[in-house]
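Encoded as structure tokens, the structure appears first; notes follow it.
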Amino acid sequence: MTPSVIAGLLGAALVGLGLYGLILHPHPLRKLLAFNLIGSGVFLVFGIVARRGAAAGLRFDPVPQAMIITGIVVAFAASAVAVALILRLSAVGRRVTLDPEVPTRPDGGDAK
Amino acid sequence: MIAFLDLLSIAAIAAGTFFFFAGTVGLLRFPDSLSRLHALTKVDNLGLGLIVLGLLPRAESALSALKLVVIWALVLLSGASTAQLIGRALRRGRK
Amino acid sequence: MSLLPYLDICLALLVVAVAFWTIAARDLFASVVGYVAYGLLLAFVWIRLYAPDVALTEAAVGGGVTGVLLITAGKRLGGLRNVGQGERPGFGLSLVAGVLAAAVAGALCAVILMLPDPPPSLAPEAVAAIHGAGAGLGNPITAVLMSYRSFDTMLEKMVLILAVVGVWSVGADNAWGGAPAPFRVSKPDAPMVFLAQMLAPVGVLIGIHIFWVGADEPGGAFQGGALLAAMWMVTMMAGVAQPPRVDARWLRVALVAGPAVFLVIGLAGGVVAGSFFAYPPALAKPIILFIEAFMVLSIAAALPMLVAGSPGERPDR
């Protein structure tokens with residue numbers, strides 16, 4: 001069990017946990033959090049590709065690592081947009097839910 | 001001299017680890033939030049301080065030694081402030 | 001016999017346990033606190049994979065800033081925090097979801113155990129490219145970000161701006177141009193103000209330091225910028241500063257500065273150095289640091305704006 005295999009299995013477990021939470025949690029923010037768990041699990045799996053690709057005098061492959069860094073920042077940006085949408089949904093609708101059956105307010109919530 | 005410094009490192013880090021251990025036990029075992037907070041501050045202040053003290057003789061340069069001390073100072077500052085904030089939030093919640 | 005493998009396994013189990021807690025916790029707040037701890041623990045895993053740059057980014061952005069984003073959002077949702085407690089999914093759905101999640105995780109495990117040997121690697125190409133165009137950079141990650149894959153990095157900055165535009169755009173129509181809701185409405189606690197006043201100057205210094213050493217050691221524009229962003233958010237949370245209006249000229253210039261400077265220099269590279277996003281080898285390091293300085297500025301402006309949210313949101317929402 002090298003560190004990279006342990007980290008890879010950890011990444012797989014995180015993806016599974018996140019997927020479970022994403023499906024089962026009714027609260028949209030909890031769904032978003034679970035989605036972020038999936039994301040970091042995927043980054044870990046990609047990270048062991050970087051660790052295994054050690055060559056040319058480096059202990060890691062710098063290309064996947066650089067992409068993980070940009071990936072973490074992009075994941076945060078996407079989460080921020082999702083949060084803005086959720087807050088907007090709560091301002092427009094009576095309940096915060098992704099259920100399309102729940103009606104929105106007739107005034108569209110734009111006033112105030 | 002070298003042996004003395006090694007001994008100092010071992011003693012300080014061992015003592016720091018003990019405070020971390022005790023603080024964690026307190027965090028898990030103490031009954032209410034304020035006493036748990038009390039246990040945590042020991043970890044921040046003494047535990048980390050002793051570990052930094054033990055690592056100082058092993059620092060590669062004066063600059064990295066300074067960085068270690070700065071880390072401890074920053075943890076002291078944020079730890080003390082958050083402990084105050086949590087304490088105040090608790091008091092507000094009780095009223 | 002080394003102790004390290006056992007520590008690795010303990011760390012992995014701890015991360016899984018904290019991740020489980022963030023999924024299983026009843027309360028949104030508890031779950032977010034678990035997520036922040038999870039981000040910090042994950043940073044240790046990254047260090048074990050010889051990825052200190054990723055560890056810094058994960059701790060700062062993945063744990064810290066995302067935690068602030070979710071806690072702020074939870075507070076703004078207010079009384080709806082525990083929405084949907086009554087609509088717990090039934091046993092059947094839980095079982096199906098659990099089986100599906102286990103199947104996906106199991107398949108990933110199988111893939112990880114069957115990764116090709118010898119592993120493919122871009123490291124030789126990256127190192128060759130570093131010695132060509134990014135001469136003088138000791139940190140291969142920074143060299144990849146700023147030289148070997150510089151186009152990706154610039155587009156990623158554009159994504160940040162698009163996200164800010166997206167967050168601003170979902171606000172109410174009549175609030176356009178206004179300031180986002182303040183981080184806190186009540187009078188801030190004295191310790192919070194003290195913390196902001198003491199921490200912000202030191203934190204700004206450390207952020208600039210991390211950006212500067214990023215050329216040769218772990219660190220760089222993302223990590224330094226995230227730290228500066230955190231300091232701005234701390235001052236806003238303490239009420240020492242307020243979120244700016246989204247139509248403020250300086251804010252928009254700061255947001256666009258990073259990718260704009262990057263793009264202009266990249267285009268100039270086509271004329272001066274012979275290809276798009278190439279740097280003249282003699283000047284590569286100063287040019288890269290020049291671009292990075294503006295990127296730090298843009299990141300430090302974009303992250304707090306993403307957390308602050310749409311303009312004109314009422315704090316009680």
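All of the numbers you see were taken from the coordinates with simple rules; none came from a lab. In this text, all values refer to a predicted model and were calculated from it rather than measured experimentally. With ideal geometry, Cβ positions are generated from the backbone for all residues, glycine too; neighbour counts draw on all protein chains shown.
Checking the a/c ratio against 1.5 first, then a/b against b/c, what shape does the Cα gyration tensor give for segment C:122-241? It comes out oblate by the Cα gyration axes. Beyond 28 Å, what share of the Cα-Cα pairs of chain C remains, rounded to the nearest whole percent? Of all Cα-Cα distances in chain C, 52 percent exceed 28 Å. Backbone phi angles across segment C:252-257, fed through the Karplus curve with coefficients 6.51, -1.76 and 1.60 (θ = phi - 60°), yield HN-Hα couplings of 5, 4, 4, 5, 7, 3 Hz in residue order; Gly and Pro are listed as x.
The order of A:S40, C:S94, A:S79, B:S9, going from fewest to most other C-beta atoms within 10 Å of their C-beta, is C:S94, B:S9, A:S79, A:S40.
In order along segment C:274-282, the Karplus-derived 3J(HN,Hα) couplings, from 6.51 cos²θ - 1.76 cosθ + 1.60 at θ = phi - 60°, round to x, 8, 4, 6, 9, 10, x, x, 5 Hz, and Gly and Pro are given as x. Computed from point charges on the beta carbon alone (+1 for Lys and Arg, -1 for Asp and Glu), the dipole magnitude for segment C:121-317 about its Cα centre is near 400 Debye. Charged side chains reduced to their Cβ positions (Lys and Arg at +1, Asp and Glu at -1) give segment B:2-94 a dipole of some 560 debye around its Cα centre.
Divided by 2.2 N^0.38 Å, where N counts the residues, the Cα radius of gyration of the protein assembly as shown comes to 1.00. Between the residues C:P180, C:L14, C:A196, the greatest Cα displacement towards the positive end of the dipole of chain C, with unit charges on the Cβ of Lys, Arg, Asp and Glu, is found for C:P180. Shown here is the pair-distance distribution of segment C:1-88: with all Cα-Cα distances grouped in 10 Å bins from zero up to the longest one, the shares run 17, 39, 28, 12, 3, 0 percent. Reducing segment B:43-89 and segment C:222-244 to their Cα centroids gives an inter-centroid distance of 22 Å.
Which value at 222 nm does chain B reach when only helices count, each DSSP H run of 4 or more adding -39,500 (n - 2.57), with the total divided by all residues and rounded to the nearest 500 deg cm²/dmol?
-28500 deg cm²/dmol
Ranking C:S310, C:S150, C:P52 by Cα position along the charge dipole of the protein assembly as shown, where only Lys, Arg, Asp and Glu carry charges on their C-beta atoms, puts C:S310 farthest toward the positive end. Listed values for segment B:3-18 are Karplus-derived 3J(HN,Hα) couplings in whole Hz (6.51 cos²θ - 1.76 cosθ + 1.60, θ = phi - 60°), namely 4, 4, 5, 4, 4, 4, 4, 4, 4, 5, 5, 4, 5, x, 4, 4, and x replaces Gly and Pro.
Once divided by 2.2 N^0.38 Å, the Cα radius of gyration of segment C:238-280 becomes 1.78. Projected onto planes of every orientation and averaged, the convex hull of the alpha-carbon atoms in segment B:2-94 covers 6.2 nm².
Report the Stokes-Einstein translational diffusion coefficient (µm² s⁻¹, integer) for segment A:3-92, Rh taken as the Kirkwood radius over Cα pairs, at 10 °C with viscosity 1.306 mPa s. In µm²/s, the coefficient is 111.
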